[in-house]
1. How large is the charge dipole for the chain, taken about the Cα centre, if only the Cβ atoms of Lys, Arg (+1) and Asp, Glu (-1) carry charge, to the nearest 20 debye?
2. Between Leu166 and Ala141, what is the spin-label point distance in nm, taking each point 7 Å from the Cα along the Cα→C-beta axis?
3. Return the carbon/sulfur percentage of the accessible area of the chain, one whole number, probe 1.4 Å, all protein chains in place.
4. Enter the accessible area per residue of the range 1-89 (Å², integer; probe 1.4 Å; all protein chains in place).
5. Ranked from highest to lowest mean number of other Cβ atoms within 10 Å per residue, what is the order of the peptides 124-135, 61-72, 44-55?
6. For every helix of n ≥ 4 consecutive DSSP H residues, a contribution of -39,500 (n - 2.57) applies; sum these over the chain, divide by its total residues, and give [θ] at 222 nm rounded to the nearest 500 deg cm²/dmol.
7. At a Cα cut-off below 24 Å, give the lysines reachable from Lys77, other chains included and same-chain residues fewer than 8 away excluded.
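The values are calculated or read from the model by the stated rules, or taken from the named source; none is laboratory data. Fair warning: this is a prediction, and the values are worked out from it, not measured in the lab. With ideal geometry, Cβ positions are generated from the backbone for all residues, glycine too; neighbour counts draw on all protein chains shown. Areas reflect the complete protein model, heavy atoms only, side chains present, ligands, DNA and RNA absent. Shrake-Rupley method; radii C 1.70, N 1.55, O 1.52, S 1.80 Å.
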Amino acid sequence: MKLQNYIKQKDSWPQSGRHILAQYDDESIIVYQAFRPEIAEYALKNQAFGGEYSFTRMSWIKPNFLWMMYRSGWGTKLGQEYTLALRLKRDFFEKILLNAGWSSYATDRYLSHEEWKHHVQNTTVRLQWDPDHLPNGDKEARKAIQLGLKDDMLTRLNDEGIIEILNMNSLVEEQRTIAFSNNWEALKTPLESVFTPHEDAAQNVLIDRLEQD
C-alpha cells in the first residue's frame, strides 16, 4: 500500500465532475469495505469471504479511501469498525463496470425511465455517484463512485476477483485523530489518482450520454 501526504494529493485531483479515484496499476486496483470484526477477521485469515458474511445481500465496494472513511466514520460506526482493502484484478474490476446499472434514473444516461428500470432490475451491479468528502466529512464538489454487487457477481468477486485482502485498521486509527483535528498537512492517505478503464466499453459505462453526444 503506497501512502502520500493528503494535501499534496488533493492539489492533483480534479475539483469537480465524476471520477474514480483509486490506487491501481496495470494489473490491479484497490477497493475498500468496512465490516464488523467477525467478518473482517475471517476474510483476512482465509483471504476470502465466508463465515458470517452474507452472499444474499448487496455488498458495496469503494475505490476511494476517503469516501470509505466518510461512510464508516473513520472506523467508528457500529458494524464498520474494521476497514479492509481488497486488491482486485484490474480486468475483473472492469467486468464489474461493464455490468453496472446506474442506481438512480438520469435523463442524461438513459433514454427512458422504462429503459433504466429494466437495466437495473436485470443487472448484478449498481453504480452510484455520491459527493466526495474531505477528511473531516465535509462534502466536495467532485463525485465519487461506489459499486454494489449481488448474486453471481458477488460470488465471482470472492472466487475470481480478489488478489489479496489487507488490514487497514492501523492506518485508519493512526490517521483518524489527525483527520478530525483538521491538521491535514500531517495526514497521510493511500496514494490515489484518476482511474481510466482499459476497455472503451467499461469507460462508456461511466460517461453520460449527454457527454458522448
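1. Once rounded to the nearest 20, the dipole reads 480 debye.
2. Each label point lies 7 Å from its Cα, and together they span 3.1 nm.
3. 46
4. 48
5. Packing order, densest peptide first, comes out as 61-72, 124-135, 44-55.
6. Using -39500 (n - 2.57) per qualifying helix, the result is -8500 deg cm²/dmol.
7. Lys45, Lys62, Lys139, Lys143, Lys150, Lys188
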